[in-house]
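Heads up: the structure comes next, in structure tokens.
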Amino acid sequence: MGLGAPALLVVIVLVACQPAPTPVKLVTSSAGVVILTASNHLLRVSLTKRKVEWDIGLGGSPQSEFTAHLMAFTSDEARVAVLVRGSTSQVVIVDTTTGRELARHTLATALIYRGLDVGLISGRVYVFANRELGPDRGPAEGPPSDAVVTVLAPDLTLLVTQTVRPSAGFDWFVYQGATDPSETHLPISYHGPDTTGVDLIAINGDRIVDPCTKPGEGCIRSHGGFVSAGGHLYLATGSSPVIEADPSGTTVREIETGISNEHIMELAIDSTRSQMFIGGSCKYSSGLFAIDLRSLRVRTLAKQFSNVCGERVFVPGQSSLVVVDPDISVVDVGTGRVELRLQANGKAIDGLVVAA
């Protein structure tokens, strides 16, 4: 993420379970982040006012505390679609200014839902899921599972549910799913005990077609999450290198970050596509790093084994970064100093940057 400005702030998010408060209606909103917690609280944090502007409970039982990609803006960016996972999973649309719930759709119970994205051209909501076909075979194999995509219309009417990767004996555990900017492909990454990589799945009218057939591997080499920027994909590998691939999935270059003692699963790119940010997991070695995508120089914003940690990093602008897992911490990018640390209702598992 490119930050050429004087004081860049980073935010890291931690949260704990409490009853749902009444939404606070705002007269004005400032730039900040919207955070989803494992207790199914959705809150908006102002980076200029340094406070929580609203906090709503979306209901349902607590979900996994593992970081996930569960939110996306609708095409007008005035609303956010949120995947609330549980014994009954739902897609909820929320106004990002007021925190008011606008719509809700209950998903079929036969699937285990992993993530969500919104097509910015059609406004369709793509929900990524698994269908378990048998019992768990242990840590080396997991349950045999299909990868499945459910597509909802902008009004949340169900359009189609389709298997995109039949199990064939593998656990195609979906880690992240997304739409590309042209909404012609769905990159889906896998993180099963016996699967890895990314499939680049074609959207062909109302059909979704996966040309990838490699056993246990996606057609693009990777391991973990990915970011689309400037028409290219930047893919985590689970270790220090990051792969940059063109729209077809062909590797353009391998970026060596030199970050050791980490299982790197997430990364973020700034709006100018000049810098990449990687947060060290709180479960591994912590820390926070900036990589210049032109010179490939790596800058340590916070050392490993420091009090700055979190796998998810968000870039609200030239003056701030947001890191999630599990606190909300605002960090000055120039100095690496934590400017603000907030705790919310439950552990933070996803976030989005919102404009004023």
**Report entry** Extension gain (nm, one decimal) between Asp76 and Asp136, 0.36 nm per residue minus Cα-Cα
**Finding:** 17.5 nm
Report summary line: Here FRET efficiency (C-beta to C-beta, Ser306 to Ser228, R₀ 35 Å, nearest 0.05) is 0.70
Query raised in the report: How far apart, in nm, are two points set 7 Å out from the Cα along the Cα-to-Cβ line at Asp155 and at Asp95?
Result: 2.0
Query - Local electrostatic count at Glu339 - Lys and Arg +1, Asp and Glu -1, tallied over other residues with Cβ under 10 Å - result: +2
Query - Cα gyration tensor shape for the range 174-262, rounded if a/c is under 1.5, else prolate or oblate - result: oblate
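Within the range 141-269, what percent of beta bridges assigned by DSSP are antiparallel, to the nearest 5?
Percentage antiparallel, nearest 5: 95.
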Query - Packing-based ranking, highest mean first, of 284-290, 326-332 given that Cβ atoms within 10 Å are counted - result: 326-332, 284-290
**Report entry** Distance-filtered residues of the range 123-141 - backbone nitrogen under 20 Å, label point 7 angstrom along Ala108 Cα→Cβ
**Finding:** 124-135
Report summary line: Two pseudo-spin positions, 7 Å from Cα along C-beta at Asn204 and at Thr272, lie apart in nanometres by 4.3
**Report entry** Reachable lysines from Lys283, criterion Cα separation under 23 angstrom, eight or more residues apart if same chain
**Finding:** Lys303, Lys347
Query raised in the report: Which of the peptides 134-142, 75-83, 109-117 is most tightly packed, and how do the rest follow, judged by the mean count of other Cβ atoms within 10 Å per residue?
Result: 109-117, 75-83, 134-142
**Report entry** C-alpha center-to-center spacing [the range 256-270, the range 151-168] in angstrom
**Finding:** 32
Query - Positive-pole candidate from Pro316, Gly280, Gly177, dipole of the chain, charges at beta carbon - result: Pro316
Query raised in the report: For the range 295-334, what does the alpha-carbon gyration tensor say about shape, rounded, prolate or oblate, given a ≥ b ≥ c as the root eigenvalues, a/c under 1.5 as rounded, and a/b over b/c as prolate?
Result: oblate
Report task. Taking the Cα centre of the chain as origin, sum charge times position over the Cβ atoms of Lys and Arg (+1) and Asp and Glu (-1), and report the length of that vector in debye to the nearest 20. Result -> 780
Query raised in the report: Could you give the nm distance between label points at Ser248 and Ser122, where each point is 7 Å from its Cα heading toward the beta carbon?
Result: 2.5
Report summary line: Filtering trypsin sites (Lys or Arg not before Pro) in the range 263-356 by DSSP loop and by at most 15 other Cβ atoms within 10 Å leaves Lys283, Arg294, Arg297, Lys303, Arg337
Report summary line: Which of (i) 176; (ii) 122; (iii) 156 gives volume of the Cα convex hull per residue in Å³ as computed here? It is (ii)
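Bear in mind that the values in this text are calculations on the coordinates, not laboratory data. As the structure is a computational prediction, the values presented were derived from the model and not from experiment. Every residue, glycine as well, gets a Cβ built from its backbone with ideal geometry; the counts of neighbours run over all protein chains shown.
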